[in-house]
Amino acid sequence: MVQLKGLAQATTVELLACLVRSGTRDRTPLEIAEELLHIYPSLIELEAAGVGGLEKAPGVGKAKALQIMAGLELGRRLVTEPKWVRPTIRSPEDAAELLLEEMRLYQQEHFICLYLNTKNEVVSKKTLFIGGLNTSIVHPRDVFREAIRCSAANFIAVHNHPSGDPTPSREDIEVSERLVEAGRLVGISCLDHIIIGHGQFISMKQRGFM
């Protein structure tokens, strides 16, 4: 029933039955949920009962009581969790600042993409490749698969040089060129390719490599 009409349209009893998951020999999940809401008429009372109270209800037991309390706890955390503010990338410095501390001490090359919406807000950060000290070969297909998945308008490629020297290699330049060319074909632009070293970075865009 819930699958047919969607979670937003489901009743409290139906949602609770989803948390109950399975029935017993003589009770369906829906009947167990109805009985629970008869004993505890509100969600506040249901949560206050805790595992100890819920497990005593007919057809519940400890496992189902834990499932129900876990669902209620997730809902509580959703309400109290601070709203995530998407970082906005206005410059190469903004992009580098997001990842500099994380990437500067990596002992292997990590190739990460920051995917942006039309307002240049970061909608996804994806590590696409982890390689040896001198390799960071990423196929455009891997980059654009994630871009399409998260409906990105643009993206910025970022990778580190474990040597600490962010000077672009010939391979770095070729990767940038491939990403720019592929971006033109699919309509998702590669805005920059940033290389991070120890406490410093280079923007391939600013250096005229793309």
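I need a count of the residues in region 40-60 that are free of Cβ contacts under 8 Å to residues at least 40 places away in the same chain and in contact with a Leu (Cβ under 8 Å, 6 or more places away or on another chain).
Residues in region 40-60 being free of Cβ contacts under 8 Å to residues at least 40 places away in the same chain and in contact with a Leu (Cβ under 8 Å, 6 or more places away or on another chain): 7 in total.
So is Gly71 over 19 Å from the mean Cα position of the chain (by Cα), outside the structural domain of Cys190 (by TED's automatic domain parsing) and of a type in the set (Gly, Ala, Ser) or not?
Details: over 19 Å from the mean Cα position of the chain (by Cα): yes; outside the structural domain of Cys190 (by TED's automatic domain parsing): yes; of a type in the set (Gly, Ala, Ser): yes.
Yes.
Rundown of residues vs (1) surrounded by 17 or more Cβ atoms within 10 Å (Cβ to Cβ); (2) free of Cβ contacts under 8 Å to residues at least 12 places away in the same chain; (3) of a type outside the set (A, V, I, L, M, F, W, C); (4) out of contact with any helix residue (DSSP H, G or I) (no Cβ under 6 Å at 6 or more places or on another chain), yes/no style:
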| residue | (1), (2), (3), (4) |
| --- | --- |
| Ala17 | yes, no, no, no |
| Arg25 | no, yes, yes, yes |
| Thr28 | no, yes, yes, yes |
| Glu31 | yes, no, yes, yes |
| Glu34 | no, no, yes, no |
| His38 | no, yes, yes, yes |
| Lys62 | no, yes, yes, yes |
| Ala65 | yes, no, no, no |
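Could you list, in sequence order, the residues of region 72-118 that are under 30 Å from Ala8 (Cα atoms) and among the aliphatic types (A, V, I, L, M)? Lay out the reasoning, then the answer.
Step one: of region 72-118, the residues under 30 Å from Ala8 (Cα atoms) are 72-87, 115-118.
The answer is Leu72, Leu74, Leu78, Val79, Val85, Leu116.
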Considering each of Arg184, Arg178 in turn, give the residue that is without any contact (Cβ under 8 Å) to a residue 12 or more places away in the chain and not in a loop (DSSP other than H, G, I, E, B).
Arg184
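Residue by residue, here is whether (1) closer than 24 Å to Gly199 by Cβ; (2) at pLDDT 95 or above; (3) of a type outside the set (Phe, Trp, Tyr) holds:
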{"residue": "Lys83", "(1), (2), (3)": "no, no, yes"}
{"residue": "Asp94", "(1), (2), (3)": "yes, yes, yes"}
{"residue": "Glu101", "(1), (2), (3)": "yes, no, yes"}
{"residue": "His110", "(1), (2), (3)": "yes, no, yes"}
{"residue": "Thr118", "(1), (2), (3)": "no, yes, yes"}
{"residue": "Ala147", "(1), (2), (3)": "no, yes, yes"}
{"residue": "Val158", "(1), (2), (3)": "yes, yes, yes"}
If I filter region 71-88 for residues that are out of contact with any Asp or Glu (no Cβ under 6 Å at 6 or more places or on another chain), crowded, with 19+ Cβ neighbours inside 10 Å and in a loop (DSSP other than H, G, I, E, B), do I get at least one hit?
no
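If you go through region 99-129 one residue at a time, how many are closer than 14 Å to Phe155 by Cα and outside any loop (DSSP other than H, G, I, E, B)? Full working, then the answer.
Residues of region 99-129 closer than 14 Å to Phe155 by Cα: 111-128.
Those left that are additionally outside any loop (DSSP other than H, G, I, E, B): 111-116, 121-128.
Number satisfying all stated conditions: 14.
The values are calculated or read from the model by the stated rules, or taken from the named source; none is laboratory data. Not measured: the values here are computed from a predicted model. For neighbour counting, all protein chains shown are included, and Cβ atoms are generated from backbone atoms with ideal geometry for every residue, glycine included.
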